[in-house]
1. Semi-axes of the equivalent ellipsoid of the range 162-269: what are they in whole Å, largest first, if each equals the square root of 5 times a C-alpha gyration tensor eigenvalue?
2. Taking the full set of protein chains and a 1.4 angstrom probe, give the accessible area of Arg173 in square angstrom, rounded to the nearest 10.
3. What figure in square angstrom, to the nearest 10, would you give for the accessible area of Tyr179 with a 1.4 Å probe?
4. Of all the accessible heavy-atom surface of the range 116-190, with the other protein chains kept in place and a 1.4 Å probe, what percent is carbon and sulfur?
5. Under the Kirkwood approximation for Rh and a Cα-based Rg, what ratio Rg/Rh is obtained for the range 104-152?
6. How do the peptides 107-113, 274-280 rank, highest first, by the average count of neighbouring beta carbon atoms within 10 Å per residue?
7. Given R₀ = 51 Å, FRET efficiency for Ser284-Glu98 by Cβ-Cβ distance, to 0.05?
8. When the Karplus curve 6.51 cos²θ - 1.76 cosθ + 1.60 is applied with θ = phi - 60°, which whole-Hz ³J(HN,Hα) does each residue of the range 331-336 get, with x for Gly and Pro?
Amino acid sequence: MCNGFFGKNYGQPVCSTCHLFLFSVDINKEDGEGEVYTEKADSDDSGNEEPVGEADFYASSAAEGASRVTKHVVHKTDRLAERISNLTIPRERDQVPEGLVDSLPPEVLLVVFRYLDDISKWTAGQVCQRWRQILDAEMSQSKWKHFISLRWPLFQPQYKVHCWRAIYSELLRSSPCRYCLESMMLQSTPPIEENSWRHRRLRSELKTLKSDPPEGIQATPLDRHCCHWQASITGPQGSPYEGGLFLLYLQIPHSYPMRPPKVRFITKIFHPNISRHGDVGLDSIHHNWSLALTISKVLISIQSLLTDPYCHVCMEPKIGALHQLAKPEFERIARLWTWKYAMHDYVMPTDVDLNGV
């Protein structure tokens, strides 16, 4: 899911794009070798009992010392270089027997496809032309439209769409992390007290967002407990992001408003304060959170960040250096990214039928 990109994760062996652990065990040990902690059995000495006699005590000590002397220490070769090479060197493609994919009966494929979610179905359609045709015959345009309404409820096309599958493909490719996109639909939250401070606060903020939304900003909860939200920010005028519709995912903690929400872009954007994974480098949602801040104010701050990037501390230092040293080139690339990833409601996909539009 991470397309082979691995980066720093505060010293933890986790992929910075798909969040999956790279090393689940000690890399210098063989699989299944060694235990970090072993629980003492009830029959073992607890440390509070004394030996039965002096002779037994010295005999047991001598035997223990001999075992330590005769025990051989085996030095294992460092496996770090092996693991790094496995991550950095492209591996050979799996040898799939020729004709295996095309030999599967359509009846079997249809049964399998029915158990897949929307992202898996779209991925299966990229395997070969035959699978694509089977899925197209099985999946109607209304189903792809329904999937879009579930994944991207704030997406509103500005023209008559003839191929919802093409729009789904463009939206999926524009997401910086498919793992995060999938997690939005799989989050399960425990029940929250109906009269809690958090619920009243979020209900008031949602009412304000619907009655008097900030210009170019929308937000809506994805679940009834208001733990997961999706927001949209329109690119500010005069910026290289003008005309783009950028979607964001907000995870509201149970302790809100005592703790800030987690905000992440689910639309790719070329910006020094937004990582390639979509994380936002905004001080107010990391270190200087205040009870006076709301979801609306956080989104307004992010919108202003699109106009005036803060390049002294960057999520992407190379992009920040480009903004300071070669601003015209930065704006050119940012406009290209905006056109490619954030303007699906204005730019007509290539495989859409243009007749009657």
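The values are calculated or read from the model by the stated rules, or taken from the named source; none is laboratory data. For clarity, every value in this text was computed on a predicted model and none was experimentally measured. Cβ placement follows ideal geometry from the backbone for every residue including glycine, while neighbour counts extend to all protein chains displayed. Just so you know, the surface numbers come from the protein's heavy atoms only, side chains and all, with ligands and any DNA or RNA stripped out. Shrake-Rupley method; radii C 1.70, N 1.55, O 1.52, S 1.80 Å.
1. 27, 18, 12
2. Accessible area, nearest 10 Å²: 100 Å².
3. Probe radius 1.4 Å; accessible area of Tyr179 about 80 Å².
4. Numbers: 1800 of 3560 Å².
Whole-percent figure for carbon plus sulfur exposure: 50.
5. On the way: Rg = 10.7 Å, Rh = 11.1 Å.
Looking at the range 104-152, the ratio lands at 0.96.
6. So the peptides 107-113, 274-280, ranked by packing, come out 274-280, 107-113.
7. On the way: r = 57 Å, r/R0 = 1.12.
For R0 = 51 Å, the calculated efficiency reads 0.35.
8. Per-residue couplings from phi come out as 5, 5, 5, 4, 5, 5 Hz.
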